[in-house]
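The values are calculated or read from the model by the stated rules, or taken from the named source; none is laboratory data. Because the structure is predicted, anything quoted here is derived from the model rather than measured. Ideal geometry is used to build each Cβ from the backbone, glycine not excepted, and the neighbour counts take in all protein chains shown.
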């Protein structure tokens, strides 16, 4: 019952654009639900509470049979970065390792690295401070993290890198160094990844400012921020999806209708299709948030408010 109440509280918090602007978007470490799809496409990894701990299970997509599991002390979840109904994350690109995150405490934050075949715990580490999963490099050697830097202003964060091979948090932050004078804050809505796994593109809403796309190069450890030309109610943007089409980053509505294309070489954006303002999506925005968050309500174990500290500059249109 307390999980349902927590889920509804999160919904109430997000339904209002002004409330979201004040405090940012929660990040998730989830139990239950669909978990993360294995690289074979035939099984999923799901975190399930046992009452005294957490079982990380491998479940067949068809039939739901549990074909492997391990038990961890404490409460753990599968990383889920955005509120859009996309798969969870945490798997290395080769599918051999899975990152899971402990839930509940502001600090320290615990992570565990599991083998996906034998469920061996390869590593378990703790970081002082409040961290959330963001992405993995293609070779699985670098874990990118969101570090919340203030307990009183939880929508401010910096992106950090953790070296999994050497077990150390790397100094400095990952930021767009070409835009030093701007501050970026927002709520993660949807994301996509390049075919080679190098680039992770995450779209953020930012009530009171421009929405933007955060492009993270997980090989070089650098980022770019692309402002989007939208000045209306940003609740409608919960209906936006990202994809890669014809070598460009496609920004489109969930019904498939195109909006923008981003050239990932020079970060310029172009309008793909002009037309009337999508009022239907604006009115659908709040309802869409409700559906998504009710789906997460029973699974979300930790809500970490996300925002971003870094430079911001709308890209030329």
Practice problem: Only residues that are in a loop (DSSP other than H, G, I, E, B), at negative phi and crowded, with 17+ Cβ neighbours inside 10 Å: list them for the stretch 52-92, please. | Solution: 75, 81, 82, 83, 84, 88, 89, 92
Quiz prompt | In the stretch 117-141, residue modelled with the lowest pLDDT [restricted to those that are buried (at least 19 other Cβ atoms within 10 Å of the Cβ) and closer than 18 Å to residue 200 by Cα] | solution = 132
Exercise. Select from the stretch 163-191 the residues that are in contact with a helix residue (DSSP H, G or I) (Cβ under 9 Å, 6 or more places away or on another chain) and modelled with pLDDT under 80 and list them in ascending order.
Key: 185
Quiz prompt | Residue tally, condition touching a strand residue (DSSP E or B) at 6+ places or on another chain (Cβ under 8 Å) and surrounded by fewer than 21 Cβ atoms within 10 Å (Cβ to Cβ), over the stretch 34-48 | solution = 7
Quiz prompt | Given (1) closer than 23 Å to residue 54 by Cβ; (2) over 21 Å from the mean Cα position of the chain (by Cα), index of the condition residue 134 fails | solution = (2)
Practice problem: Go through (1) farther than 14 Å from residue 92 by Cα; (2) without any contact (Cβ under 8 Å) to a residue 40 or more places away in the chain; (3) surrounded by fewer than 19 Cβ atoms within 10 Å (Cβ to Cβ) and name the single condition residue 177 misses. | Solution: (2)
Quiz item: When the stretch 224-245 is examined, which residues are found to be closer than 28 Å to residue 92 by Cβ and over 18 Å from the mean Cα position of the chain (by Cα)?
Solution: 245
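Would you pick out the residues in the stretch 199-223 that are over 16 Å from the mean Cα position of the chain (by Cα) and either buried (at least 20 other Cβ atoms within 10 Å of the Cβ) or in a loop (DSSP other than H, G, I, E, B) (or both)? If you could, list the steps in order and put the result at the bottom.
Filtering the stretch 199-223 down to residues over 16 Å from the mean Cα position of the chain (by Cα) leaves 207-210, 219-222.
Within the stretch 199-223, 207, 208, 209, 210, 219, 220, 221 qualify.
Out of everything in the stretch 96-116 that is in a loop (DSSP other than H, G, I, E, B) and either within 19 Å of the chain's Cα centre (by Cα) or without any contact (Cβ under 8 Å) to a residue 40 or more places away in the chain (or both), what residue ends up being surrounded by the most Cβ atoms within 10 Å (Cβ to Cβ)?
Taking the stretch 96-116 and keeping what is in a loop (DSSP other than H, G, I, E, B), we get 96, 103-108, 116.
With the extra rule that they be either within 19 Å of the chain's Cα centre (by Cα) or without any contact (Cβ under 8 Å) to a residue 40 or more places away in the chain (or both), the set shrinks to 103-108.
On the way: 103: 22, 104: 13, 105: 13, 106: 12, 107: 12, 108: 13.
Going through the qualifying residues, I end up with 103.
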